[in-house]
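Quick note: the coordinates plus some simple rules give every number you see, no bench work behind them. No experiment lies behind these values; they were computed from the predicted model shown. Here the Cβ is made from the backbone with ideal geometry for all residues, glycine too, and neighbour counts use every protein chain on show.
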Amino acid sequence: AAPEFEAVKGRFKSYLGRPWKKYARTVFLKTDLDGLIDPRGWTEWRGDFALSTLYYGEFMNTGAGAGDSRRVNWPGFHLLHGENEASPFTVSRFIQGDS
């Protein structure tokens, strides 16, 4: 966390995201995740809303918040296990539309 947040780091839970729409899609690729991220990584919006229709993914993240052993166990959560799985979410494929 930035130095100005160190004093409050343990007071609040921080998550990578929550599904505020039925087909939420978020992927973290090769990102340094600080230890302020809750070990579950993700949180619910309202009960089990969208947990089976969302797509949340993580690939090769680093840092104290990147551990995936305690991540959520939702149908829509994915640990990506190779460049082929992650490549659709890279800048050149996702933003620019390259194939």
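Evaluating 6.51 cos²θ - 1.76 cosθ + 1.60 at θ = phi - 60° for every residue in segment 11-26, the Karplus couplings come out as 7, 10, 8, 10, 10, 6, x, 8, x, 8, 9, 4, 10, 4, 9, 9 Hz, glycine and proline recorded as x. Charged neighbours of residue 56, selected by a Cβ distance under 11 Å, balance to +2 (K, R count +1; D, E count -1).
Label zone (residue 83, point 7 Å along Cα-to-C-beta; backbone nitrogen cut-off 15 Å) within segment 46-75: 60. Using C-alpha pairs under 8 Å with a sequence gap of at least 6, the mean separation divided by the residue count of the chain gives a relative contact order of 27 percent. The simple spin-label model puts a point 7 Å past each Cα toward its Cβ; for residue 34 and residue 69 those points are separated by 2.4 nm. Dipole magnitude for the chain: computed about the Cα centre from +1 point charges on Lys and Arg Cβ and -1 point charges on Asp and Glu Cβ, it is near 420 debye. Farthest towards the positive end of the charge dipole of the chain, among the residues 52, 96, 39, is the Cα of 52, using unit charges on the Cβ of Lys, Arg, Asp and Glu. Near the amide H of residue 57, within less than 5 Å, lie the amide hydrogens of 26, 27, 28, 78, all on another chain or at least 5 residues away, with H placed in the peptide plane. Summing +1 for each Lys or Arg and -1 for each Asp or Glu among the other residues whose beta-carbon sits under 13 angstrom from that of residue 76 gives +2. Radius of gyration (Cα atoms) of the chain, expressed as a multiple of 2.2 N^0.38 Å: 1.14.
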